[in-house]
Every structure is written in C-alpha cells, then in structure tokens.
Amino acid sequence: MKVVAVMPVYNEEKTVGGVIRQVKKYADEVVAVDDGSRDDSYAAAERAGAVVLKHIINMGLGFTLRTGCEKAVRMGADIIITIDSDGQHDPKEIPKLVSELKKNRLDIVIGYRPPSKSMPFTKKFGNWLIYNSSKVFFGVDIKDTQSGFRVFTKRAYQKIKWNSSRYAVASEIVMNIGKNKLKYKEVRIKTIYGNKFKGTTVIDGLKIFLSMLWWKIRG
C-alpha cells in the first residue's frame, strides 16, 4: 500500500527540511504545500526531497490540506498522512498510527495530545468547548478534534472531504466522520509545544464553534 504524507507549510524554513527528512523514513512520498510563505520554505522543502506545491498567496490551512490530499490521490496514495511542518509532531510516531489503521481496519486514526499543564487556560477552554460541541452536534467522541496529525485511507478521504479553507477544517473532518459513520480511533502521541502554542487563536476558536453550530442547524 502506497503511503503519502501531506504537509502544510507556512513560513517554516527553519523546521520544514528536517521534518520532511524524518517523515520520508516512514512514507513513500511527501507532498509539501507552501501556502504563500514569505521566507525560504519552498526551497528548503525541495532540498529535503518533497514534492512541493505552492500557493502564490496564503489560502488557509483547509485549502492547503485539500491541495495536498488531492495531489496525494493523483500520486496513487492508498494511505494519506497529514502532519505539521513546524516540528510539533514526531514523525517517529507515524508507524504507530499506520499500524493501528491497518490492524483494526479503521478509516481514520487521529493523534491525540493529552493537555499540557503549561497550556494556556484559553486554549484548554477552547479545546473543551469544541470537543463537547462535536460530541453533542455530531455524535463523535474525539478528544483532540484539532489535531493535525492524522492517518486515513483513500476511501475515507472521499468521505471526509471538506469545504473549509481555514482552521475549521479539523472540525469539519470530525463532522464528516460522524455523518458517514466512519471507523475511527485516537492514538496518544507526544505533546510537543516548541512553537509557543502556535495555531488557533481565541477568535479562530470562536469562528470554529460558529461554523459547527451552522453545520448542525443546516443539517
């Protein structure tokens, strides 16, 4: 089975090369999508041996992941991995997630990061709110709904395809898991916050919640 890793990249010239080289040990191909970076991320990813795509302007995380996943499908991927390029995920844990997917014949495996004691209260509250909203709205019990470290089959990708262009992509994937009754599991991974909790802000979290509420109302 061909395994292709998809990596969104935005101003990560310092880390992307090292992450790609590690990921290549566990995936047949790596697709890096440079989402309008203003630094040397594109060249760094290319030097590390990835298939590199580039957005001329910043299109957002959801759009970037979709670009990468569509490319992975065209490359013949049977299994797709999504992993961040800033070093907050450990590529050494890829085999664990892939093994869980194959062994239990799952559709999708999501890397679960236990809450860190040093995590800001606002981020803890945001995670709690989105988790409980996902459970109530979509009937899906996924604690780390915003995790970007996922492994899923080509078939599952067709079921979880999203329209969100930005951070709401993670919650839309969770919604589609519930909607299509996909077989899923969370697998504990290391919590690495070397980038000062880079990611969703309070405003992003509010937008995600409102998107979820709209999806629920709209049905």
_Vicinal HN-Hα couplings computed from phi for the range 57-71 (Karplus, 6.51 cos²θ - 1.76 cosθ + 1.60; Hz; Gly/Pro x)_ = 10, 5, 10, x, 4, x, 4, 5, 5, 5, 4, x, 5, 5, 5
*Based on the Kirkwood radius over alpha-carbon pairs, what is the Stokes-Einstein translational diffusion coefficient of the range 117-219 at 20 °C with 1.002 mPa s viscosity, in µm²/s?*
150
*asked:* Kirkwood Rh and Cα-based Rg: tell me the resulting Rg over Rh for the chain, rounded to two decimals.
replied: 0.93
*Ranked by Cβ crowding within 10 angstrom, fewest neighbours first, how are 37, 165 ordered?*
165, 37
*What Kirkwood hydrodynamic radius do you get for the range 23-119 when you take the inverse of the mean 1/r over all pairs of distinct Cα atoms, in Å?*
14.9
_Longest DSSP-loop-exposure-free segment, trypsin sites (Lys or Arg not before Pro), the chain, at most 15 other Cβ within 10 Å_ = 39-104
*Would you give the gap between the C-alpha center of the range 1-28 and the C-alpha center of the range 120-166, rounded to a whole Å?*
22
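Read-outs: derived from the displayed coordinates by stated rules, not from any lab. These numbers come from a predicted model, not from an experiment. Neighbour counts are summed over all protein chains in view; Cβ atoms, including those assigned to glycine, are modelled from backbone coordinates with ideal geometry.
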